[in-house]
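The values are calculated or read from the model by the stated rules, or taken from the named source; none is laboratory data. Values in this document were obtained by computation on a predicted structure and should not be read as measured data. Every residue, glycine among them, receives a Cβ derived from its backbone with ideal geometry; neighbour counts consider all protein chains shown. Ligands, DNA and RNA are stripped out before the accessible areas are found, and what is left, the full protein with its side chains, is counted by its heavy atoms. Shrake-Rupley method; radii C 1.70, N 1.55, O 1.52, S 1.80 Å.
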Amino acid sequence: MSNPVAMIAMGGNSLSPKGETGDIHQQFAHTRQALRGIKNFIDRDYNLCITHGNGPQVGNELLRMDLTHDKIPPLPLGVCVASTQGSIGYMIQQSLQNKLRDMLIDREVVTIITQVIINKNDPSIKNPTKYIGKRYTEKEAKAMSRKFGWYIKEQEPGQWRRVVSSPMPEYIMHGKSIKALVNRGTIVVASGGGGIPVHNDTSGHLEGIDAVIDKDYTAAKLGRIIRATELWIITDVDYIYQNFGTDSQKPIKYITRQKIEKEYQSGKFQNGSIGPKIKAAIHFLKYHGEKVMITSIPCIQQALNG
């Protein structure tokens, strides 16, 4: 009997939580903490592919460039995504490799810098909605917008952030290589930050584009490519909730795809960051996937136990 295959999508805030400076020592500490949850999959002999968010990290990359643009030529957003794929992949790779050594398990961890093809005519290109980078007051955000030409939006009351285009992923590149590695038991870190957005130009060559792809959508598509039966979306809530933020909120511990698709289409999960996660879950379950879990790091073991 072959090992179960899981696609794991870790939120960028799990490595750099709100309210912290996000220095590299803090990020390594949070990475090690996050990977305690991954140990539960290793104990159960899962084959694994991991992707991760990079909103805080790519936001910091952009801020560094904005602060030094008069001295060092700035880089496009796609290159920042590639850079954070490498740096976050390195943190996950090293931390997980050390965890495997402690467990006396001889298993490799690799990071693949992953490009993802998008449609350059995707309507989101002209309507930026993806939050990246640090949070600002309204006054600070508007000053940054004037200075650097940012699009900004209020994410939560009193908290403003930069927004960028977030096109849908159409094709995950390097999928065959990722699947081959996962099938042989290598733990693969791929499509970090949703992948580096690229499109085919008129000559059929790949060309980067300034955008950020939602990592949960990419995880759902990559999970389909590697024939994962389970998609785990690791975020900062233990459950998804009905009537979230109200006196009548209650956790959804189990629901069928048909029922949650109906609730999603009625607009119950559109607000905040949970809507895209539900949409990604529905896509995964339509194509080969059997189960999606949306939970937090401390609850992984309980979730695996049902």
Check: So what are the ³J(HN,Hα) numbers for region 23-30, from phi and the Karplus equation (6.51, -1.76, 1.60; θ = phi - 60°), rounded to whole Hz, Gly and Pro as x?
Finding: 5, 5, 5, 5, 5, 5, 4, 5
Check: Which whole-Hz ³J(HN,Hα) couplings does region 235-250 yield from phi under the Karplus relation 6.51 cos²θ - 1.76 cosθ + 1.60, θ = phi - 60°, glycine and proline marked x?
Finding: 9, 9, 10, 6, 9, 8, 10, 7, 6, 4, x, 10, 5, 9, 5, 8
Checklist line | Distant-in-sequence amide H partners of residue 229 (H built 1.01 Å from N, under 5 Å) | finding: 5
Notebook entry, point to check: Stretch residue 202-residue 40 to full length: gain in nm at 0.36 nm per residue minus the Cα-Cα span?
Noted result: 53.6 nm
Item checked: region 24-167: relative contact order in percent, alpha carbon pairs under 8 Å with at least 6 residues between -> 23 percent
Notebook entry, point to check: For the chain, what proportion of DSSP beta bridges, expressed in % and rounded to the nearest 5, is antiparallel?
Noted result: 40 percent
Next item on the list: Report relative contact order for the chain in percent, whole number only (criteria: Cα-Cα under 8 Å, sequence separation at least 6).
Entry: 22 percent
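Hey, if we sort 299, 49 by accessible area with the 1.4 Å probe, largest down, what's the order? Display every interim value, and only then the final one.
Working: 299 25, 49 0 Å².
Ranking 299, 49 by accessible area, largest first, yields 299, 49.
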Check: In square angstrom, rounded to the nearest 10, how much accessible surface does residue 288 have for a 1.4 Å probe?
Finding: 80 Å²
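Report the extension gain between residue 98 and residue 291 in nm, rounded to one decimal, defined as 0.36 nm multiplied by the number of residues separating them, less their alpha carbon distance. Can you show the working numbers first?
Values: separation 193, 0.36 × 193 = 69.48 nm, distance 2.93 nm.
That pair, residue 98 and residue 291, stretches by 66.6 nm at full extension.
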Notebook entry, point to check: So how far, in whole Å, is the C-alpha centre of region 216-288 from the one of region 161-214?
Noted result: 21 Å
Note to self: How much accessible area per residue does the chain have, counting only protein heavy atoms and a probe of 1.4 Å, in square angstrom?
What the structure shows: 52 Å²
Notebook entry, point to check: What spacing in nm lies between the two simple spin-label points modelled at residue 148 and residue 302, each 7 Å away from Cα in the Cβ direction?
Noted result: 3.8 nm
Margin query: For q values of 0.12, 0.13, 0.21, 0.25 Å⁻¹, compute log₁₀ I(q)/I(0) with the Debye formula on a Cα-only model of region 215-281, without solvent.
Written below: -0.32, -0.38, -0.97, -1.30
Margin query: Please compute, for the alpha-carbon atoms of region 1-147, the extent along each of the three principal axes and give them in descending order in Å.
Written below: 57, 37, 28
Next item on the list: For an R0 of 25 angstrom, estimate the FRET efficiency from the Cβ-Cβ distance between residue 66 and residue 155 and round to the nearest 0.05.
Entry: 0.85
Next item on the list: Give the cross-link partners of residue 142 among the lysines, using a straight C-alpha distance below 24 Å as the criterion and excluding same-chain residues fewer than 8 apart.
Entry: 18, 71, 126, 130, 134, 153
Note to self: How are the alpha carbon pair distances in region 112-195 distributed across 10 Å bins from zero to the largest one, expressed in percent?
What the structure shows: 17, 32, 26, 19, 7, 0
Check: What residues from region 30-50 fall in the zone where the backbone N is under 16 Å from a label point 7 Å along the Cα-to-C-beta line of residue 186?
Finding: 47-50
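If the viscosity is 1.306 mPa s and the temperature 10 °C, what translational diffusion coefficient in µm²/s does Stokes-Einstein give for region 138-248 when Rh comes from Kirkwood over Cα pairs?
Details: Rh = 17.3 Å.
For these conditions, the coefficient is 92 µm²/s.
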Next item on the list: Just report the Cα centroid separation between region 1-33 and region 130-146, whole Å.
Entry: 25 Å
Item checked: Projected area, mean over directions - region 54-141, Cα convex hull, nm² -> 8.8 nm²
Next item on the list: Can you pull the one-decimal nm distance between simple spin-label points at residue 248 and residue 170, each 7 Å off the Cα toward Cβ?
Entry: 4.3 nm
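Within the chain, what is the longest stretch that has no trypsin sites (Lys or Arg not before Pro) placed in a DSSP loop and near at most 16 other beta-carbon atoms within 10 Å? Write out the running numbers ahead of the final one.
Numbers: sites that count: 18, 44, 71, 107, 120, 184, 227, 253, 268.
Answer from the scan: 121-183.
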Next item on the list: Specify whether the C-alpha gyration tensor of region 1-68 places it in the rounded, prolate or oblate class, a ≥ b ≥ c being the square roots of the eigenvalues: rounded for a/c under 1.5, otherwise prolate if a/b is larger than b/c and oblate if not.
Entry: prolate
Item checked: For Cα extents along the principal axes in Å, calculated from these coordinates, the label among (1) 58, 46, 43; (2) 65, 55, 37; (3) 53, 44, 39 -> (1)
Item checked: Calculated Rg and Dmax of region 176-306 using C-alpha coordinates, Å -> 16.6, 56
